[in-house]
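As structure tokens, the structure follows; a few thoughts come after it.
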Amino acid sequence: MNGSEIFNAQLWMTALSSATPLALAALGGTFSERTGVVNIAMEGMMLTGAFVAVLASATLHSAFLGLAAAILSGMLMAVLFAWGTIRYKADQVVVGMAINVLAAGLTGYLLNAIYGFTGTPPDTPRLPDVTIPGLAQMPGIGAVLGRADLLVYVMLLLVPLSHYFLFRTPLGLRMRAVGEHPQAADTAGIDVNRLRFLGVLISGALSGMAGAYISIGVLNAFNVNMTNGRGYIALAAMIFGNWKPVGAFLAAALFGLANALAINLQGLEGWHVSKDFVLMIPYALTILALAGIVRRTTPPAADGIPYEPGH
């Protein structure tokens, strides 16, 4: 492979595939943080969803039931997170990290207890690819968007729907209000903590979906810690995107492109840099985003601040 062959259809397909779980989780994080809850637990929610998706898909012989189970598992982890942070006002970062550690330990234990050394079944059903008639035959864009996993199209649809919901509907306005000025929202009769619960639940559902995409969308297997820090990258994408659905998607796409480039550069003729160094590119970009871009973005005013009614 030479330099002129790097930016080909395969690169863009890989970039879109890599961006999909990041974008789904980042959208969920946007809902959570727009209501004032910093959700660092997306990594654990994704990992739980990835494992449950494979377990349910293999047991029930249906990838769609596996997807539904993954979404529910992500919401269950979100309930635990919301119970600690909203109900009992615990530190959101500490509880989030606890959820991540719990998910890593629990999924690793269950993987060994249920499947042992053989690993998950190789015939685990996976989510189907979808072909869009007409678009698939178009040169250039057809190779990238004409045929893809079902959740890729779900993600692309959720981006504008999430933006419309948050910025064009009364419920979206209320959710943003409790993240900006919860006291004023409470005075107006809005149940602040209930909407914060809703934001965290949406985050859990989309994070579980993101995990399912990794395990039964891209693959049909589960490995220990297979999310590999994607939840943290999604958090960076959400911040990079200034807590807006479209911005979060564009940032996720940038990270996805970085990952695709890291993969393609390994096959570049005359490229002698270490494979591990190349694979570090997306994570280095995450650090740069958090270190250099955070100061230029504006989070919701009450983000990360527990709310006590009447205070």
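For Gly217, indicate whether it is modelled with pLDDT of 85 or more, in contact with a strand residue (DSSP E or B) (Cβ under 6 Å, 6 or more places away or on another chain) and of a type in the set (Gly, Ala, Ser). Quick ask: steps written out before the conclusion?
On the way: modelled with pLDDT of 85 or more: yes; in contact with a strand residue (DSSP E or B) (Cβ under 6 Å, 6 or more places away or on another chain): yes; of a type in the set (Gly, Ala, Ser): yes.
Against the criterion (modelled with pLDDT of 85 or more, in contact with a strand residue (DSSP E or B) (Cβ under 6 Å, 6 or more places away or on another chain) and of a type in the set (Gly, Ala, Ser)), Gly217 qualifies.
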(message) Being outside any loop (DSSP other than H, G, I, E, B), among the β-branched types (Val, Ile, Thr) and surrounded by fewer than 18 Cβ atoms within 10 Å (Cβ to Cβ) is the requirement here; does Val94 meet it?
(response) yes
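Filtering the stretch 238-268 down to residues that are of a type in the set (Gly, Ala, Ser) and part of a loop (DSSP other than H, G, I, E, B), which residue is surrounded by the most Cβ atoms within 10 Å (Cβ to Cβ)? Reasoning before the result, please.
Filtering the stretch 238-268 for residues of a type in the set (Gly, Ala, Ser) gives 241, 247-248, 251-253, 256, 258, 260, 262, 267.
Retained after the next criterion (residues that are part of a loop (DSSP other than H, G, I, E, B)): 241, 267.
Details: Gly241: 26, Gly267: 10.
Selected residue: Gly241.
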(message) Given the options Ala70, Ala148, Ala103, Ala143, name the one that is touching a Leu at 6+ places or on another chain (Cβ under 6 Å) and touching a residue at least 40 places away in the same chain (Cβ under 8 Å).
(response) Ala103
(message) Can you report the number of residues in the stretch 17-58 which are of a type in the set (A, V, I, L, M), in a loop (DSSP other than H, G, I, E, B) and crowded, with 24+ Cβ neighbours inside 10 Å?
(response) 2
(request) Would you be able to say whether some residue in the stretch 259-271 is under 21 Å from Gly29 (Cα atoms) and either at pLDDT 90 or above or among the β-branched types (Val, Ile, Thr) (or both)? (result) no
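Scanning the stretch 115-165 for residues that are polar (S, T, N, Q) and not in a loop (DSSP other than H, G, I, E, B), which turns out modelled with the lowest pLDDT?
Filtering the stretch 115-165 down to residues polar (S, T, N, Q) leaves 118, 120, 124, 131, 137, 162.
When the remaining residues are screened for being not in a loop (DSSP other than H, G, I, E, B), the result is 118, 131, 137, 162.
Working: Thr118: 83, Thr131: 87, Gln137: 71, Ser162: 98.
So the residue we want is Gln137.
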(request) Pairs only if they're at least six apart or on different chains, beta carbon under 6 angstrom, first in the stretch 204-223 and more than 14 Å from Ser17 (Cβ to Cβ), second among the hydroxyl-bearing types (Ser, Thr, Tyr) and not in a helix (DSSP H, G or I); list them, first residue then second. (result) Asn220/Thr124; Ala221/Thr120; Phe222/Thr120
(request) Could you list, in sequence order, all residues of the stretch 166-188 that are at pLDDT below 95 and over 26 Å from Ala90 (Cβ atoms)? (result) Ala188
(request) Scan the stretch 13-38 and report the pairs whose first residue is in contact (Cβ under 8 Å) with a residue 12 or more places away in the chain and charged (D, E, K, R) and whose second residue is part of a helix (DSSP H, G or I) and crowded, with 24+ Cβ neighbours inside 10 Å, with Cβ atoms within less than 8 Å and a gap of 6+ or a chain change. (result) Glu33/Gly179; Glu33/Gly199; Glu33/Met238; Arg34/Met175; Arg34/Gly179; Arg34/Gly199
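The values are calculated or read from the model by the stated rules, or taken from the named source; none is laboratory data. Only a predicted model underlies this, so the values are computations on that prediction, with no experimental measurement involved. A quick note on method: Cβ atoms are made from the backbone with ideal geometry, for glycine too, and the neighbour counts reach across all protein chains shown.
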